[in-house]
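The block underneath contains the structure these notes are about, expressed in structure tokens.
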Amino acid sequence: MKLDDDDSSLSMALQQESDNKAKMKPVIFVDEIRKVYDSGAVKVEALRGVSFQIEKGEFVAIIGPSGSGKSTLMHILGCLDVPTSGRFELAGEDVSRMNEEELAAVRNRRIGFVFQQFNLLPSLNAWKNVELPLIYAGVDATRRKAMAIAALSRVGLGDRISHRPGELSGGQQQRVAIARALVTNPALILADEPSGNLDSKAATDVLGLFKELHQSGRTIVLITHDREVAAQAERTIAIRDGLIGTSLEEGGSR
Amino acid sequence: MNFLETLKTGVSSILTHRLRSILTILGVMIGITAVTLTVGLGQGAQGQVASEISSLGTNLLTVTPGSTTSAAGIRGGFGSASTLTLSDANALSNPIVAPDIQAVAATNTRSGTLVAGNNNWTTSVVGTFPTWLGVRGRSITQGRFLSASDIANQSNVVVLGSVTAAELFGGRDPVGQSVNIDGVPMTVIGILNTVGSSSSASATSSLDDQAVVPFTTLADEIVGGPNRDSLSSILIEARSASSLSAAYQEADAELLALHGITLAADADFSIQSQQSVLSTATSVDKTLTILLGGVAAISLLVGGIGVMNIMLVSVTERIREIGLRKALGATPRVIRRQFLIEASILGLVGGLIGVALGIAGAVILPHFISNPIKLSIPAMAGALVVAVGIGVGFGVYPAGRAANLPPIDALRSE
Ligand SMILES: Nc1ncnc2c1ncn2[C@@H]1O[C@H](COP(=O)(O)OP(=O)(O)OP(=O)(O)O)[C@@H](O)[C@H]1O
Ligand SMILES: [Mg+2]
């Protein structure tokens, strides 16, 4: 299969296809999601019944204090973890019923995930880290490299493509992680504190990038501590102690 | 994701984790080299024993005269006359009577003193026929062996073992020289091949120290008297190893009939095969094989445990990588395949280096130690399979398990 740099990518087509199947279904639909971490002696209830939905093309910020369950929720939305109970539908499809192949395809093509801890492979340099999802998408080597370098340039790291993660600053590593999430042109971008390690200038740039992606039709969900960042989103979901709280303030642009 | 990409990912992963890869290769390599050499040493020793046994004459039966003190004590028993005679030997060499017997050599062996110039030497003097050479599986290195006309003419000729020749003539060429045996002058016509080796002096040295003369010459000129035609043994060569027992039956039946004996227990002769020698040798072989096999198994086990450890550790420290690859869209199948390729490459590289070292060792080592090394293909192949199997098993199984976890669980592992 092929992926294009422009907006009419196959991942979009895939998204479209499943959208057609499930007309008007929200991109994300969660109902009474619970997540319990059971490490023998202690049970931590990280999510205690969370329900909401996100429509196609929305730009949503999730805010909440540390330890409130934001990352836990985000991992479930990214199909990287499974809820203990509750229902999660991705564009109308019940994720709990997907098999490993389908899940891999969703993670690879429909979702771009930016990890809070970056999760770069230390033995690979920047562009090789960024090209990883393209390998699993079946893109050929020359196109992979070009696309990886383009994605790195987009986050302002065009001059650091051959550096390994250990040779990059925290903020630079974060931008490599963002480039990796963008490289497949996914329709849904989930970003766990993508500006957490950035100075205000770089944070503004990254936020601008997300806004740009949003304008071109992508659905963006990002976690932030920063109310100013949250204010840039269309909508804010507040989370506290594993429960959806009252949104303290609605997004600024609405 | 196609196979070539997986292969590339595997190879680049091997190259980036150089130390780990080298350790894995070393583990496999040591195991296989050790197995190749220990099994090779064992088989080399077995080969040596087998060739020494065959130097005693393969397919050989020896008929010796028995005691005459049974219930039928009246038979035989005149002085020291043997119960075996030349006519017994002639009967056995008849292919109609004994179809499984290839050749027969009657012998009369006695101790004699050989004198050549100032040297004298006491050894066994064998009076026999031209068939003796083939039956005993010997050959001539110089000159010739006894011929039919030597028998017919009672020629005064002798064929010497190499040790005997050396004792009597030192470095000189013995062929054509004359030697006195118990006072009878003889001409040396040939020298027997050397079969003894330093490692088994007692078993085979007598084969290199003897004097072989025409049966008729020995009977007339050295023995004489009423015992001149009595035999000390009849050597029988069976057609093949598989017809050895048939040849035994035929010889036994024919001799019993010739001697007019109805009860096998009353037999006035006995027939021995090389069985006793063989069975001793076989049991030594078995012990050796078990011992060396044990050593080989232990070295393979040690190498295997080494490979297993490295594989387990390397997969454990790569569970985060597995989680990440899965989060980015790798299916469990692709991940398993990547680890399978990595483990197979490491195993095969280590295995092939191990085999190469084993072969090199088998070529070089015999120059420094006296033992021959015989390479065993099945042992090498077996070791290769075991080592690669262990590497693949302990590399792929935990990777496959990690690949079935939700990506976050794998990413969180320490
Ligand atoms: N693997 C785990 N095992 C046990 N408890 C966990 C695990 N992961 C998270 N938790 C707990 O679940 C709760 C929610 O964690 P989570 O990572 O979702 O918080 P967060 O909102 O992302 O916090 P932060 O803003 O600091 O990143 C915390 O109390 C945390 O201790
Ligand atoms: Mg978090």
message: Counting only chymotrypsin sites (Phe, Trp or Tyr not before Pro) that sit in a DSSP loop (anything but H, G, I, E, B) with at most 13 other Cβ atoms within 10 Å, what is the longest stretch of chain B containing none of them?
response: B:79-367
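Can you give the average number of partner chain beta-carbon atoms within 10 Å of each beta-carbon in peptide A:67-77, as a whole number?
1
Using a Förster distance of 56 angstrom, determine the FRET efficiency expected from the C-beta separation of A:ASP241 and B:LYS374, and round it to 0.05.
Computed FRET efficiency for A:ASP241 and B:LYS374: 0.15.
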- request: Rounded to the nearest 10 degrees, what's the angle between the helix B:18-55 long axis and the longest principal axis of chain B, both from Cα atoms, 0 to 90?
  value: 10 degrees
- prompt: Mind checking the angle between helix B:332-364 and chain B's longest principal axis? C-alpha axes, 0 to 90 degrees, to the nearest 10.
  reply: 30 degrees
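Taking the radius of gyration and the Kirkwood hydrodynamic radius from Cα positions alone, what is the Rg/Rh ratio for the range A:114-158, to two decimal places?
Rounded to two decimals, Rg/Rh equals 0.96.
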- request: Between B:ASN227 and B:THR262, take the C-beta separation as r, use R0 = 25 Å, and let me know the FRET efficiency to the nearest 0.05.
  value: 0.40
message: Let's test this: bin the Cα-Cα distances of the range A:25-245 at 5 Å from zero up to the farthest pair and state each bin's percent.
response: 1, 7, 15, 19, 20, 17, 12, 7, 2, 0, 0
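Rg/Rh for the range B:82-267 to two decimals, with Rh computed the Kirkwood way over all alpha-carbon pairs.
Reported Rg/Rh, Kirkwood definition of Rh: 1.00.
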- request: State, to one decimal in nm, how far the label point of B:GLN154 lies from the label point of B:THR64, with both points 7 Å from Cα in the Cβ direction.
  value: 3.0 nm
query: Going by the alpha-carbon gyration tensor, a ≥ b ≥ c the square roots of its eigenvalues, is the range A:124-223 rounded (a/c under 1.5) or, if a/c is not under 1.5, prolate (a/b greater than b/c) versus oblate?
result: oblate
- prompt: Per residue of the protein assembly as shown, what 222 nm ellipticity follows from adding -39500 (n - 2.57) for every DSSP H run with n ≥ 4, rounded to the nearest 500?
  reply: -15000 deg cm²/dmol
message: Just to confirm my numbers, what's the Cα centroid distance between the range A:51-115 and the range B:97-165 in Å?
response: 98 Å
- prompt: Between B:ALA381 and B:PHE3, what length comes free when the chain is fully extended (0.36 nm per residue of separation minus the Cα-Cα distance, one decimal in nm)?
  reply: 133.4 nm
field: the protein assembly as shown shape via C-alpha gyration tensor axes, a/c threshold 1.5
entry: prolate
- line: Most fluctuating of A:LEU213, A:LEU80, A:LEU243 in the GNM of chain A (C-alpha, under 10 Å) is A:LEU80
- line: Longest principal axis of chain B (C-alpha) makes with the long axis of helix B:3-16 (C-alpha) an angle, in degrees to the nearest 10, of 90 degrees
- prompt: Rg to Rh ratio, chain B, alpha-carbon atoms and Kirkwood radius?
  reply: 1.27
Separation in nanometres of the label points that stand 7 Å from Cα toward Cβ, at A:GLU228 and B:LEU288: 8.7 nm
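Grab the beta carbon distance between B:ASN193 and B:ALA253, set R0 = 51 Å, and tell me the FRET efficiency rounded to 0.05.
Working: r = 35 Å, r/R0 = 0.68.
E between B:ASN193 and B:ALA253, to the nearest 0.05, is 0.90.
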query: Most fluctuating residue of B:VAL212, B:VAL11, B:VAL396 in a GNM of chain B with Cα springs under 10 Å: which is it?
result: B:VAL11
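All of the numbers you see were taken from the coordinates with simple rules; none came from a lab. A quick note: this is a predicted structure, and the numbers were derived from the prediction, not measured. Every residue, glycine as well, gets a Cβ built from its backbone with ideal geometry; the counts of neighbours run over all protein chains shown.
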